[in-house]
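Working notes for the structure below.
The values are calculated or read from the model by the stated rules, or taken from the named source; none is laboratory data. None of the values given here were measured: they were computed from a predicted structure. We place every Cβ from the backbone using ideal geometry, glycine too, and count neighbours over all the protein chains shown.
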Amino acid sequence: MAQLQPERKKAKAMIDAHLAALPEPKRADLQALHHLLTGKLAEKELWFSDGRNAEGRVVTNPTIGYGSFLMKYAGGKTAEWFRIGTCATSSGISVYILGLADKSHLSTAYGKRLGKAKVTGYCISFKALKDIDQDVLEEAICFGLAQKD
């Protein structure tokens, strides 16, 4: 699993550098999502994963995380993790809404209303913000943030 930066000040600086390095239009779209999410959460709830594991190998795309919840692993271990994650991918943008009890909820509640998006258990993927109904995306994000551990 990729390493997260738990120190929030360090995470903010890494997020700013990551966003600045992205090509347009992904930069503008992820900055818009970042603005939306930081407006809903305190700065202390920011996370950043550079996508590298403990050995420094790239294992996933860099991800900006918001909020927190206690993730429970199959073996019984727990770890604090972000509730909402955003990342640029080769095909567009992904928004992760983690910790949902019902893995079909995102697809059932928001899938048809989002527009040009692929919705799976915990992920909403789309090419660009202009391709989706941003109010519906915000509704899905707010639902995720309202979940309890």
Problem - Matching residues in the range 107-123 - criterion: being part of a helix (DSSP H, G or I) and either touching a helix residue (DSSP H, G or I) at 6+ places or on another chain (Cβ under 8 Å) or among the acidic types (Asp, Glu) (or both) - result: Ala109, Tyr110, Arg113, Leu114
Practice task
Determine if the range 8-19 includes at least one residue that is surrounded by 11 or more Cβ atoms within 10 Å (Cβ to Cβ), closer than 21 Å to Cys123 by Cβ and among the small types (Gly, Ala, Ser).
Solution key: no
Practice task
Considering only the range 60-106, give the strands (runs of 3 or more DSSP E) lying wholly within it that have at least 2 residues that are out of contact with any helix residue (DSSP H, G or I) (no Cβ under 9 Å at 6 or more places or on another chain) and modelled with pLDDT under 95.
Solution key: 69-72, 78-81
Exercise for the section: Return a yes/no flag: does the range 111-128 have any residue that is farther than 16 Å from Ile64 by Cα, in contact with a Phe, Trp or Tyr (Cβ under 7 Å, 6 or more places away or on another chain) and of a type in the set (D, E, K, R). Expected result: yes
Completion exercise
Scanning the range 20-48 residue by residue, those of a type in the set (D, E, K, R), in a helix (DSSP H, G or I) and farther than 16 Å from Phe126 by Cβ turn out to be Lys40, Glu43, Lys44, Glu45
Practice task
With the condition kept exactly as written, say whether any residue in the range 29-45 is surrounded by 15 or more Cβ atoms within 10 Å (Cβ to Cβ) and touching a Gly at 6+ places or on another chain (Cβ under 7 Å).
Solution key: yes
Fill in the blank from the handout: Being in contact with a Pro (Cβ under 9 Å, 6 or more places away or on another chain) and small (Gly, Ala, Ser) narrows Gly56, Gly99, Gly51, Gly115 down to just Gly51
Handout entry: In the range 72-85, the residues that are crowded, with 16+ Cβ neighbours inside 10 Å and in contact with an Asp or Glu (Cβ under 9 Å, 6 or more places away or on another chain)
Key = Phe82, Arg83
Exercise for the section: Pull up the range 135-147, narrow it to residues that are surrounded by fewer than 16 Cβ atoms within 10 Å (Cβ to Cβ) and without any contact (Cβ under 8 Å) to a residue 40 or more places away in the chain, then point me to the one that is farthest from Phe69 (Cα to Cα). Expected result: Asp135
Exercise for the section: Using the structure shown, decide if Ile141 is in contact with a strand residue (DSSP E or B) (Cβ under 8 Å, 6 or more places away or on another chain), under 27 Å from Lys12 (Cβ atoms) and not in a helix (DSSP H, G or I). Expected result: no
Exercise for the section: Within the range 108-117, identify whether any single residue is closer than 29 Å to Ala17 by Cα and surrounded by 19 or more Cβ atoms within 10 Å (Cβ to Cβ), and answer yes or no. Expected result: yes
